[in-house]
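Rule-based calculations on the coordinates, nothing more; no lab input. Being a predicted model, the structure only gives us computed values, none of them experimental. Quick reminder, even Gly has a Cβ in these numbers, built from the backbone with ideal geometry, and neighbours come from all protein chains shown.
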There are 2 protein chains.
Amino acid sequence: MENIPNAVVKRLPMYYRHLGELRESGVERISSSELSERMNVTASQIRQDLNHFGGFGQQGYGYNVEYLHTIIGNILGLNKIYHVIIIGAGNLGRALANYTNFEKSGFVITGIFDSNPELRGEMIRTVSVSHMDELEMFFEKNKIDIAVLTVPKSAAPDIADRLVKLGVKAFWNFAHVDLKVPEDVVVESVHLSDSLMKISYSLSNLEKEKL
Amino acid sequence: MENIPNAVVKRLPMYYRHLGELRESGVERISSSELSERMNVTASQIRQDLNHFGGFGQQGYGYNVEYLHTIIGNILGLNKIYHVIIIGAGNLGRALANYTNFEKSGFVITGIFDSNPELRGEMIRTVSVSHMDELEMFFEKNKIDIAVLTVPKSAAPDIADRLVKLGVKAFWNFAHVDLKVPEDVVVESVHLSDSLMKISYSLSNLEKEKL
């Protein structure tokens, strides 16, 4: 099960999501053609992808949903607990802190920080907001795996440097800037404007096709 | 300038963002090697990409930042105004409504809708929240290009169907479900959990490499 191609890895969260939904609704087995219809991916693509995890899609029997969901979850590292802090208690930080589904997947929010002293002590779900000044002290007592950055882009690079020094190994970056971090630090950026531009590009091209 | 490969199109928002920052800070010309260092993309990749827009990167002179920013903006459809509604006035909907940068790029938020009657009339920045019951009436008076869905996944498919019937041609979908829409309707989904799983996958693999 080593060396899963990158293109397949990219699709694993999607498989995991659909298999989780099937599992929740009590489905035990599913064929590649049923999965294909559900996921809008060709059945042969699905068979190729899932072959990387051993040939447990027997002809006529389909895939074992629970087994596949578990094994893909393990590959995605979801069989562990990750301690997460959110930097920036604005609307986006709050939205993320309130997604209980993240916690169900093992991402536990352990701290929320903001530079606004007026927010100190405010409870967001089960976590109280700390001031940015308390960051270093917080790390003396807590081991943090992932830092979520929901701060303005002007503040993000310095905060990232500070967190790297404190030992953070992964960033979920919502600030609209590309972070420069050491090679062994993971950065997953969600650039919302880039995503919105894909829409305007597609809409423009639809219009051109009509002309 | 027809037929820009998909792989290049995907990188255009990133070029647009960096060129915009350079333009704001008064930079008039930039070489592919300077852009390369800034964007973490090889210089030869940059030259190949930008060649699609005509050969205006003269040896020794570099690219004209303003021209390139404008032309890429046009290709991305940013030379137009898009009327946007947000469905779901929770934290995420509010966060998106409060990003004034979207408006600067031509995405104007014209309405915000929520199924909670208590939110009716609440002002979020310059727009007051309407009830979902008012959706059809709203469309009689307003032409909407893009609907942003920040609703629970159980509600999203029905709302999307309703909006397609009202003529919406593009969805920015934050609900954790793949929408099924007619072929000429654009869907850009931001699946935040999928993004988070890329982090747990990378963290697990970093750990394995260390063993």
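What shape does the stretch B:64-132 take by its C-alpha gyration tensor, where a ≥ b ≥ c are the square roots of the eigenvalues and a/c under 1.5 counts as rounded, a/b above b/c as prolate, and the rest as oblate?
Here the stretch B:64-132 falls in the prolate category.
Peptides A:131-137, B:104-110, A:171-177: what's the order by average Cβ count within 10 Å, highest mean first?
With the highest mean Cβ count within 10 Å placed first, the list reads A:171-177, B:104-110, A:131-137.
Two decimals is fine: what's Rg over Rh for the stretch B:1-126, C-alpha atoms, Kirkwood radius as Rh?
Here Rg/Rh amounts to 1.11.
Assume the label is 7 Å from Cα along Cα to beta carbon: what separations in nm does A:Met137 have to the matching positions in the other copies?
5.3
Please give the Cα centre distance for the stretch A:147-211 versus the stretch B:142-211, rounded to the nearest Å.
The stretch A:147-211 and the stretch B:142-211 have Cα centres spaced 17 Å from each other.
Please report, for A:Pro5, the nm distances (one decimal) from its label point, 7 Å out from Cα along the beta-carbon direction, to the equivalent points in the remaining copies, shortest first.
Computed spacing set for this position: 1.7 nm.
Could you calculate the contour length gain from A:Asn79 to A:Lys208, that is, 0.36 nm times the residue separation minus the distance between their Cα atoms, to one decimal place in nm?
41.7 nm
Report, in deg cm²/dmol and to the nearest 500, the calculated mean residue ellipticity at 222 nm for chain B, where each DSSP H run with n ≥ 4 adds -39500 (n - 2.57) and the sum is divided by the residue count.
About -13500 deg cm²/dmol.
Work out, step by step, the length gained on full extension between B:Lys153 and B:Thr126: first 0.36 nm times the residue separation, then minus their alpha carbon distance; give nm to one decimal.
Result: 7.0 nm gained on full extension.
Write down the radius of gyration of the stretch A:146-211 and its Dmax, each obtained from C-alpha positions, in Å.
16.2, 56
Report the local net charge at A:Glu66: Lys and Arg +1, Asp and Glu -1, summed over other residues whose C-beta lies under 13 Å from its C-beta.
Charge balance in the 13 Å sphere: -1.
Pull up the DSSP beta bridges for the stretch A:1-133 and report the antiparallel fraction as a percent, rounded to 5.
35 percent
Given Cβ point charges of +1 (Lys, Arg) and -1 (Asp, Glu) and nothing else, what value in debye, to the nearest 20, does the dipole of the protein assembly as shown about its Cα centre take?
Details: 44 positive and 52 negative charges, 74 e Å.
That gives the protein assembly as shown a dipole magnitude of about 360 debye.
How big is the dipole moment of chain A about its Cα centre under a simple scheme where the beta carbon of each Lys and Arg is +1, that of each Asp and Glu is -1, and everything else is neutral? Debye, nearest 20, please.
340 debye
So who's got an amide H within less than 5 Å of the one on A:Arg29, skipping anything under 5 residues away but keeping other chains? H placed 1.01 Å off N, in plane.
A:Val65
What is the stretch B:55-211 by shape, rounded, prolate or oblate, if you read a ≥ b ≥ c off the alpha carbon gyration tensor as root eigenvalues and call it rounded for a/c under 1.5, prolate for a/b larger than b/c, and oblate otherwise?
Oblate, since a/c reaches 1.5 and b/c is not below a/b.
If R0 is 25 Å, what FRET efficiency do you get for A:Thr70 and A:Asp184 from their C-beta distance, rounded to 0.05?
Details: r = 28 Å, r/R0 = 1.13.
Once rounded, the FRET efficiency stands at 0.30.
In nm, one decimal, shortest first: how far is the label point of A:Asn116 (7 Å from Cα along Cα to beta carbon) from the matching points in the other copies?
Spelled out, the distances from A:Asn116's label point are 1.8 nm.
Roughly how crowded by other chains is peptide A:90-100, in terms of the mean Cβ count from those chains within 10 Å of each of its Cβ atoms? Walk me through the numbers on the way to the answer.
Working: counts 4, 11, 7, 2, 5, 10, 5, 1, 3, 6, 0.
Taking the mean over all residues of the peptide, I get 5.
A 25 angstrom limit on the alpha carbon distance is what I want to check against. Which of A:Lys10/B:Lys180; A:Lys104/A:Lys165; A:Lys169/B:Lys104 exceed it?
Pairs exceeding the cut-off: A:Lys104/A:Lys165; A:Lys169/B:Lys104.
Quick check: pseudo-label points 7 Å beyond the Cα along Cα→Cβ at B:Val27 and A:Ser33, how many nm apart are they?
The two pseudo-label positions are separated by 5.5 nm.
Could you tell me what a quarter of the Cα convex hull surface of the protein assembly as shown works out to, in nm² with one decimal place?
Answer in nm², one decimal: 23.2.
Would you kindly state how much longer the chain becomes between B:Thr100 and B:Lys141 on full extension, computed as 0.36 nm times their sequence separation minus their alpha carbon distance, in nm to one decimal?
In short, 12.3 nm is gained.
Using the 10 angstrom Cβ neighbour count as an exposure proxy, how do B:Leu206, B:Leu149 rank, fewest first? Intermediate values should be presented prior to the final figure.
Details: B:Leu206 15, B:Leu149 28.
So the ranking, lowest neighbour count to highest, is B:Leu206, B:Leu149.
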